[in-house]
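Here's the structure, in structure tokens; my notes come after.
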Amino acid sequence: DLYDWNLDLLMAALRRGTLHAVKLPVPNDDAVVSTGALFAAIARASSNKVHAVAMRWTNARLSPARQIETRTVFDLRGEVAAIANAIASGDAGTTRKLLSAYHAGRKRMAKAIVEALQEEPGGRADI
């Protein structure tokens, strides 16, 4: 559900803004931080400021799952770079396609991500 919400929020933000309004964050060695920063930048570019508020909440909720993602089959850093490159080139179609693929992969792996989260110290999984 949270992955669906994240994608819905990003797509809504893109519909209410332009790619040129997205202020791309400086790349960070921490892929989890880079992912949250990129998604927050997309939300902030929306003409609806509630998108930015909602993305702060969503990023906080998904951060533990993203930690797991970096230790599994996902190339989080590469995916985030590809999305950022599509935004930088102004290619809305590719941006949407990459965001959809990013989330589809997580949804396919949600069960494994949830199980890994539950194994973490103090782990809880409500993604």
Let's test the formula: R0 of 22 Å, r as the Cβ-Cβ distance of Ala82 and Asn28. What FRET efficiency results, to the nearest 0.05? 0.90
Hull shadow area, averaged, the chain [alpha-carbon convex hull, nm²]: 7.0 nm²
Lys107: which lysines have alpha carbons under 25 Å from its alpha carbon, excluding same-chain residues fewer than 8 sequence positions away? Lys97
So the angle from the long Cα axis of helix 92-108 to the longest Cα principal axis of the chain, reported in degrees to the nearest 10, equals 10 degrees
Suppose all protein chains stay in the model; what accessible area per residue would a 1.4 Å probe give for the chain, in Å²? 54 Å²
For an R0 of 22 angstrom, estimate the FRET efficiency from the Cβ-Cβ distance between Trp57 and Ala21 and round to the nearest 0.05. 0.55
Pop out the carbon and sulfur fraction of the accessible area of region 21-127 as a percent, whole number, probe 1.4 Å. 56 percent
Helix 76-88 axis, angle to the chain major axis (alpha carbon atoms, nearest 10°): 10 degrees
Which of the lysines could a cross-linker bridge to Lys23, judged by Cα under 16 Å and excluding same-chain residues fewer than eight apart? Lys49
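Per DSSP helix of 4 or more residues, -39500 (n - 2.57); summed, then divided by the residues of the chain. What does that give at 222 nm, rounded to the nearest 500?
Working: 6 runs with 89 residues, N = 127.
For the chain, the value works out to -23000 deg cm²/dmol.
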With +1 on the Cβ of every Lys and Arg and -1 on the Cβ of every Asp and Glu, and nothing else charged, how large is the dipole of the chain about its Cα centre, in debye rounded to the nearest 20? 460 debye
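Give the whole-number value, in cubic angstrom per residue, of the convex hull volume spanned by the C-alpha atoms of region 1-64. Could the numbers behind the result be given before it?
On the way: hull volume 4.4 nm³, N = 64.
Per-residue hull volume (Cα only) is 68 Å³.
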Computed over the chain: longest principal axis from alpha-carbon atoms vs helix 31-44 long axis, angle to nearest 10 degrees, is 40 degrees
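The values are calculated or read from the model by the stated rules, or taken from the named source; none is laboratory data. What you are looking at is a predicted structure, and each value in this text was computed from that prediction instead of being measured. All Cβ positions, even for glycine, are placed from backbone atoms using ideal geometry, and neighbour counts span all protein chains on display. Ligands, DNA and RNA are excluded from the accessible area calculation, which covers all protein heavy atoms including side chains. Shrake-Rupley method; radii C 1.70, N 1.55, O 1.52, S 1.80 Å.
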